[in-house]
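All of the numbers you see were taken from the coordinates with simple rules; none came from a lab. Please read these numbers as outputs of a predicted model, since none were measured by experiment. Here Cβ is always computed from backbone atoms with ideal geometry, including for glycine, and neighbour counts include all displayed protein chains.
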There are 6 protein chains.
Amino acid sequence: MNSIDFLSVVTTLKRIPRSGWITHGVSLPDVESVADHTFSTCAISLLLTDLERRRGVRVNAEQVLRMATLHDLAEALTFDISKSYLSYLGERGSELKNEIENSAWKYLARGVGSVSLSIGYSRLQKQYVRNMTVEAQIVHAADSIDILLQILELRKRGYPADLVKDLWSETVKKVRDTPVHSAKDLLRTVTRSGRKAALYSLK
Amino acid sequence: MNSIDFLSVVTTLKRIPRSGWITHGVSLPDVESVADHTFSTCAISLLLTDLERRRGVRVNAEQVLRMATLHDLAEALTFDISKSYLSYLGERGSELKNEIENSAWKYLARGVGSVSLSIGYSRLQKQYVRNMTVEAQIVHAADSIDILLQILELRKRGYPADLVKDLWSETVKKVRDTPVHSAKDLLRTVTRSGRKAALYSLK
Amino acid sequence: MNSIDFLSVVTTLKRIPRSGWITHGVSLPDVESVADHTFSTCAISLLLTDLERRRGVRVNAEQVLRMATLHDLAEALTFDISKSYLSYLGERGSELKNEIENSAWKYLARGVGSVSLSIGYSRLQKQYVRNMTVEAQIVHAADSIDILLQILELRKRGYPADLVKDLWSETVKKVRDTPVHSAKDLLRTVTRSGRKAALYSLK
Amino acid sequence: MNSIDFLSVVTTLKRIPRSGWITHGVSLPDVESVADHTFSTCAISLLLTDLERRRGVRVNAEQVLRMATLHDLAEALTFDISKSYLSYLGERGSELKNEIENSAWKYLARGVGSVSLSIGYSRLQKQYVRNMTVEAQIVHAADSIDILLQILELRKRGYPADLVKDLWSETVKKVRDTPVHSAKDLLRTVTRSGRKAALYSLK
Amino acid sequence: MNSIDFLSVVTTLKRIPRSGWITHGVSLPDVESVADHTFSTCAISLLLTDLERRRGVRVNAEQVLRMATLHDLAEALTFDISKSYLSYLGERGSELKNEIENSAWKYLARGVGSVSLSIGYSRLQKQYVRNMTVEAQIVHAADSIDILLQILELRKRGYPADLVKDLWSETVKKVRDTPVHSAKDLLRTVTRSGRKAALYSLK
Amino acid sequence: MNSIDFLSVVTTLKRIPRSGWITHGVSLPDVESVADHTFSTCAISLLLTDLERRRGVRVNAEQVLRMATLHDLAEALTFDISKSYLSYLGERGSELKNEIENSAWKYLARGVGSVSLSIGYSRLQKQYVRNMTVEAQIVHAADSIDILLQILELRKRGYPADLVKDLWSETVKKVRDTPVHSAKDLLRTVTRSGRKAALYSLK
């Protein structure tokens, strides 16, 4: 069996910049890697899982952490195609994005070198995209909270509010709409921290 | 409850360079972040868990992934104190390293904002350091394999074998000594790939 | 009339890394911008035009330089989707690539703020893609020669031959197959220079 | 014939930072390359040419694009000696600047490997410096507009207005004084866009 | 005799980032090297020495410059352990910091390859830490003034006042408390310059 | 009195890249700052002073360290005009270089804000350029040894011998011709270390 393709994709993610930030005008050396973002999503997912459990929600932590770890793996091949595509491709954009990411994911899963593992990983990825289980919803919320934290990071280094205003509001909205209650608590914590740091223009 | 300190540590790890590479002479912009390394450790741990299970070994995957996610969190505060300290501090070095990392870890755990979570996280960290359970051993092996993959990365970009020769051999030795059998299989895969890439000088 | 979208795309290209180099394993700070590459393509196209004219070939220099300037503009939106897509998308890959780049180009042309200019620019882009006129062939050859020069640059900084071996041979092949004779002369010059610099492993 | 020196200069420009930005206090990784700037000047020159033609002005587009492509080539050798020299060299400064750039340019032209091409390129460069033809004036205007766009870029990333206030006003003044009418239209577009982006402090 | 270890430490300092800035949230490519800081401390120490002499104070300039050159050499080994350690180590922090830096310094002094030189260098370092002589006080003041200048640098590039407010006030306080009168004059000059640059929020 | 211009030049040197390395093809993020180089020259000058004294040579250490600290200050204004100028300016090149650096130096000396200090600093700079005293010769030797160490640094990171062969031989020659005997000892140490590190191609 040969898992080198899987390992090589993992290593590559350390070098792939999150292209969404480039589109938003962030200076290249200030752009985090996809691996940076994925780690943060894992850690926030872990925290959300524990907070949800304390509220009495049943969560399969193993599944959450697997999904968080794998959720952006395909970006080693797709280079983080972001929603900016949608601006000029219109509705066709999300179709294309899905087709490309699905193909990339199949290619990756084969790289694990084991059919059964490969099927398992693909199934998880589909569960993440469908976003119907509490586990998937936790990872989506964590993904959003990481974006908000990264915006605060950029604001603290002097990036103006205008640069990321749209991204901030649409991401805040996503967290407000999530069924994961602890994520909303976390959102309040994050927003309050942003306000304290005199980053008022972000509501 | 207030988890902002925990979140802020997670975000900080994206900006902390792995100082071991600086010590080894790697150019600063080529040095990965601690977050980059942690993501990779998570992904490799996940793969090792699945490979071990296929060999019939019982592994608590949730625990493995929790440990992998948290294992380098303290470096946001300690700035990745590495073994280079030992060279001039002698035996006293590892004592100091432990004392500093323990204090950092306690400080972090308090930042989670919940006593029970904090206790749980600290317990995991201790389990990782003691390295007696199969779960801890998988994370240690994954940590080592990530180092080997990163060395191959650097070699592919032209860094000479001499720069990382010592690190390579001592890390290979660690994986050879692990009780995690799949890690040894993975080691062979990694080594073979290095050899194919004409990086012969690394045995 | 309002050309700010066109200008903003031009400025953005200074910040978009040529993702092909990332795929090949080049360290991010060593990756040129799409603007860097486009300038070089312009200068080499200009030289090829003059050399071809001295051979008695009739070339419309204005058209060559227009095409060279505009040929990668769409990458501000598509983020330099490269042939790596083809590896996991198969034949469907080049279809998708075309669809995405065409949509991007239409979006851009509208940004010029003038219907007639927009039509003219789109027509040029189509001429470039079809690659049937001597003008388009000169720009394609210049684009290839810039890739070869960039490979030599990387080799001089210590990147190993293996990293770029495939790209080197396929690009050399392209120049060998071009009907632009001066490009073949230039290829010999470039290859000889690479050989002098003791970069033998590149044939 | 041997054009390798010319090609090597072209490639070098990708690595030469525009030193004017360093003098103004811009952080090194945020400084564009001379090649970045030259590409942008080419694209804006092309747009200005087309806009002027629509106003009924006769413009030799080939000459404009040749001049734009070549206008900063000498900076591969002079490292973008900027007007900061004038501050301590007084009037003697512009004499020296001219002498150095002329010598550099002669050296470059010889590198083309053909006497006739070399003479042609030198003649174009002189025409650019004299700034008497509409073609030269278009390239000068494009060069200025690129500076303004780059200032807006820096402002969007958080650089304060004070850092570039002087450069902004003197460059705006240059565009106001140009006989190229479309450049003034473009100036209004650029200024309005700056104002929208809440970068008010730039008048 | 063999001084290669000493030379290698000197060279290494060019690559070690001042970790205090990372802790404060400065973007990694904007973080100066320890060598950058040491050069600046040397130059400011030299100026302070000359200004003090003009006030009639007797200063041993050789000793000042030796101390300034050597004062941060140990950071090649300790990686600039900063006061952030104190936040989680409490009082124990400064004990540990001292123990680690002392061991590092002894290790370095041995690297000079000569017992007598080594003893001399260690004695100077102790004099610097004790901070009782006018020479040591000049170097401490220069070290502080460099921090203030660097903060102004960061402010000019757009870093918000909040990011460095605490560091600014505590460093200003240090200079106010120094017995070196010219340092207080210099402080006024620096502060006034900051105020002119509209960086009001820093008092 | 107002020394802010002097201080601002000192701070600027942290951001000025040593342009000689860019000319030699070193990747921009791998290029040290002028401040980095100056610090290293100070430290090596200090070591050479002590080694010479042990040989019984009388050296004014204060003067050595002042000269080392100030020797490249003018590069904040001249942007490290290097000998590459000579290649296309011929003999006129070194005349121009001198004229520019002298004017820059006068401008700087005025910035100290005190006539007597200014005269003293200018006198030192002249002594350095004339290179007739043992103090000046020590600083020149230190400057050369820093270049050799930096070449070894680059070689260790994978830069090929060819890139810096010429610079290496001409710098070795300079040290061989110096009357400072300890510098020749140091040269042997440096060369031997290079040889050990399997960087044979540098003789």
Using alpha carbon centroids, what distance separates region E:95-154 and region B:151-173, in Å? 34 Å
Can you pull the three principal axis extents for the Cα set of chain C, in Å, largest first? 54, 43, 32
Quick check on my link table: of C:97/C:184; A:156/E:184; D:97/F:106; B:165/F:156, which ones sit more than 21 Å apart, alpha carbon to alpha carbon? C:97/C:184; A:156/E:184
What is the distance in Å between the Cα centroid of region E:1-30 and that of region F:41-82? 21 Å
Applying the Karplus parametrisation 6.51 cos²θ - 1.76 cosθ + 1.60 with θ = phi - 60° to the phi angles of region F:40-53, what ³J(HN,Hα) value in whole Hz is obtained for each residue in order, glycine and proline being reported as x? 4, 4, 4, 5, 5, 4, 4, 4, 4, 4, 5, 5, 4, 4
Fraction of alpha-carbon pairs in region D:131-184 farther than 16 Å apart, rounded to whole percent, equals 41 percent
Provide an ascending nm list, one decimal, of label-point separations from residue F:170 to the equivalent residue in each further copy; define each label point as 7 Å from Cα along Cα→Cβ. 3.3, 4.1, 4.1, 4.8, 5.5
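Summing -39500 (n - 2.57) over the DSSP H runs of n ≥ 4 in chain D and dividing by its residue number, what mean residue ellipticity at 222 nm do you reach, to the nearest 500 deg cm²/dmol? Let's see the in-between values first.
Working: 11 runs with 147 residues, N = 203.
Only helices count here, giving -23000 deg cm²/dmol.
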With no solvent and one point on each alpha carbon, what is the Debye value of log10 I(q)/I(0) for region D:83-175 at q = 0.10, 0.14, 0.23 Å⁻¹? -0.40, -0.74, -1.15
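Per residue of C:62-69, what is the mean number of Cβ atoms on other protein chains within 10 angstrom of that residue's Cβ? It would help to have the intermediate numbers written out before the result.
On the way: counts 9, 2, 2, 10, 8, 0, 4, 10.
Taking all residues of C:62-69 together, the mean is 6.
If you take each beta carbon of peptide D:187-193 and count the beta carbons of other chains within 10 angstrom, what is the mean? Present the calculation step by step, with values, prior to reporting the outcome.
Numbers: counts 0, 1, 7, 4, 0, 2, 5.
Average per residue, whole number: 3.
Considering only DSSP states other than H, G, I, E and B, which GluC sites (Glu not before Pro) in region D:15-63 qualify as loop sites with at most 10 other Cβ atoms within 10 Å? Working shown, then result.
Details: sites: D:32, D:52, D:62; in loops: D:32.
Listed in order of number, the matching sites amount to none.
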For residue A:102, label point 7 Å along C-beta direction: distances to other copies, nm: 2.1, 5.5, 6.8, 6.8, 7.6
State, as an integer percentage, the relative contact order of chain A based on alpha-carbon contacts under 8 Å between residues 6 or more apart. 23 percent
If you wrap a convex hull around the Cα atoms of the protein assembly as shown, how much volume per residue is inside, in Å³? 162 Å³
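Under a point-charge model restricted to the Cβ atoms of Lys and Arg (+1) and Asp and Glu (-1), what is the dipole moment magnitude of chain B relative to its Cα centre, in debye to the nearest 20? Each step should come with its number before you reach the end.
Details: 29 positive and 23 negative charges, 141 e Å.
With Lys and Arg at +1 and Asp and Glu at -1, about 680 debye.
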With θ set to phi - 60°, apply the Karplus curve 6.51 cos²θ - 1.76 cosθ + 1.60 along region E:160-170 and write out the HN-Hα couplings as whole Hz, x wherever there is a Gly or Pro. x, 4, 4, 4, 10, 4, 4, 4, 4, 5, 5
Here the whole-number average of other chain Cβ atoms within 10 Å per Cβ of F:15-23 is 4
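Assuming R0 = 22 Å, can you tell me the calculated FRET efficiency for the pair residue E:129 and residue E:5, based on Cβ-Cβ distance, to the nearest 0.05? Intermediate values should be presented prior to the final figure.
Working: r = 22 Å, r/R0 = 1.00.
That pair, residue E:129 with residue E:5, gives E of 0.50.
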Mind listing the phi-derived Karplus ³J(HN,Hα) values for region B:172-180, rounded to whole Hz, using 6.51, -1.76 and 1.60 with θ = phi - 60°, and x for any glycine or proline? 4, 4, 4, 5, 5, 8, 6, x, 7
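When a/c is below 1.5 the answer is rounded, else prolate if a/b is larger than b/c, else oblate, so apply that to region C:4-77 with a ≥ b ≥ c taken from the square roots of the Cα gyration tensor eigenvalues. Don't skip to the answer; put the middle values down first.
Working: a/c = 3.50, a/b = 1.65, b/c = 2.12.
In terms of gyration-tensor shape, oblate.
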